[in-house]
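Q: This is the structure I have questions about; it appears just below.
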Amino acid sequence: MKEYWNNIYETKTTDQESWTQVVPKTSLRFIHSFHLPKDAKIIDIGGGDNKLVDFLISEGYENITVLDISFKALQRTKERLGDRAKNVKWIVSDINHFVPDETYDLWHDRACFHFLTDEEQIKRYIETVQKSVNGYLVLGTFSQNGPAKCSGLNVMRYDETTLLNAFQNAFDKIRCITEDHLTPAGKLQNFIFCGFKKK
């Protein structure tokens with residue numbers, strides 16, 4: 001899978017990637033609502049070359065980690081950030097094999113979780129989140145009205161009930177919303193975003 005995703009980032013520009021957002025408005029709204037201190041430990045799962053990290057740095061957050069399976073995606077982001085990249089912890093890892101060595105105040109994931117289609121992978125992801133998050137979780141996945149595939153791969157689609165059931169053992173729901181994401185190619189993809197707080 002690392003080769004697969006490295007090839008995606010090697011052969012596509014940012015404006016050819018369906019997940020590209022100029023401003024990650026929904027993610028930022030959730031994060032702002034938590035009123036986290038600037039030294040809060042924040043991890044962005046599947047951060048790739050998205051721009052959430054740019055905004056978090058600009059807003060003064062000091063303890064940011066970005067994880068992605070693709071070295072090339074992270075390299076692209078580092079180049080974009082320039083000197084600011086040194087203030088971020090970069091992790092190249094398949095989320096299925098990620099073993100955190102610290103706990104996080106915020107775990108953010110837009111469009112990574114829904115690529116896990118195997119029951120054991122999903123279970124392992126949930127267990128990792130439960131063990132390594134002591135604050136908040138923001139999860140964005142394709143909704144039941146979203147596409148069944150992305151970048152040539154099958155995905156899981158969720159609604160509020162299935163997301164709550166997945167994480168209810170360790171988290172309380174704050175709120176869930178759905179939104180249409182307009183891809184650079186002009187296609188609409190329906191997402192569901194849920195914010196949770198650790199019990």
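Q: Pairs under 9 Å by beta carbon, first residue over 14 Å from GLY140 (Cα atoms) in segment 112-129, partner surrounded by fewer than 17 Cβ atoms within 10 Å (Cβ to Cβ) and β-branched (Val, Ile, Thr), six or more apart or different chains?
A: So the pair list comes out as THR128/VAL99.
Q: Against the definition (touching a Ser or Thr at 6+ places or on another chain (Cβ under 8 Å), of a type in the set (A, V, I, L, M) and under 20 Å from PHE30 (Cβ atoms)), how does VAL138 come out, yes or no?
A: In short, yes.
Q: Sticking with this one: Touching a residue at least 60 places away in the same chain (Cβ under 8 Å), touching a Phe, Trp or Tyr at 6+ places or on another chain (Cβ under 9 Å) and among the β-branched types (Val, Ile, Thr): is that true of VAL155 in this structure?
A: For VAL155, the condition - touching a residue at least 60 places away in the same chain (Cβ under 8 Å), touching a Phe, Trp or Tyr at 6+ places or on another chain (Cβ under 9 Å) and among the β-branched types (Val, Ile, Thr) - is not met.
Q: Within segment 144-199, can you find the residues that are aromatic (Phe, Trp, Tyr) and in contact with a Leu (Cβ under 9 Å, 6 or more places away or on another chain)?
A: Of everything in segment 144-199, those that are aromatic (Phe, Trp, Tyr) and in contact with a Leu (Cβ under 9 Å, 6 or more places away or on another chain) turn out to be TYR158, PHE167, PHE171, PHE193, PHE196.
Q: Consider ASP83 carefully, then state whether it is within 23 Å of LYS38 (Cα to Cα), acidic (Asp, Glu) and in contact with a Leu (Cβ under 8 Å, 6 or more places away or on another chain).
A: no
Q: Hey, does segment 103-120 have a residue that's among the acidic types (Asp, Glu) and surrounded by 14 or more Cβ atoms within 10 Å (Cβ to Cβ)?
A: Yes: segment 103-120 contains one or more residues that are among the acidic types (Asp, Glu) and surrounded by 14 or more Cβ atoms within 10 Å (Cβ to Cβ).
Q: Among the listed residues HIS114, HIS181, which satisfies the condition of being in contact with a strand residue (DSSP E or B) (Cβ under 6 Å, 6 or more places away or on another chain), within 18 Å of SER93 (Cα to Cα) and not acidic (Asp, Glu)?
A: Of HIS114, HIS181, the one residue that is in contact with a strand residue (DSSP E or B) (Cβ under 6 Å, 6 or more places away or on another chain), within 18 Å of SER93 (Cα to Cα) and not acidic (Asp, Glu) is HIS114.
Q: Additional query: Please verify whether ILE174 is in contact with a Cys (Cβ under 7 Å, 6 or more places away or on another chain), assigned to a strand (DSSP E or B) and at pLDDT 95 or above, treating the condition exactly as stated.
A: Criteria not met by ILE174.
Q: Under the condition of being surrounded by 19 or more Cβ atoms within 10 Å (Cβ to Cβ) and out of contact with any His (no Cβ under 6 Å at 6 or more places or on another chain), which residue from segment 136-165 is farthest from ILE42 (Cα to Cα)?
A: Top of the filtered list is GLY146.
Q: On to the next question. Let me spell it out: the conditions are (1) more than 19 Å from LYS123 (Cα to Cα); (2) of a type in the set (D, E, K, R); (3) touching a Cys at 6+ places or on another chain (Cβ under 9 Å), and GLU179 meets all of them except one. Which number is the exception?
A: Failing condition for GLU179: (3).
Q: From the list LYS198, LYS173, exactly one residue is farther than 23 Å from TYR4 by Cα and either in contact (Cβ under 8 Å) with a residue 24 or more places away in the chain or surrounded by 16 or more Cβ atoms within 10 Å (Cβ to Cβ) (or both). Which is it?
A: LYS198
The values are calculated or read from the model by the stated rules, or taken from the named source; none is laboratory data. Predicted model only: the values in this text are computed from it and were never measured. Don't worry about glycine lacking a Cβ; one is built from the backbone with ideal geometry, like all the others, and counts go over all protein chains shown.
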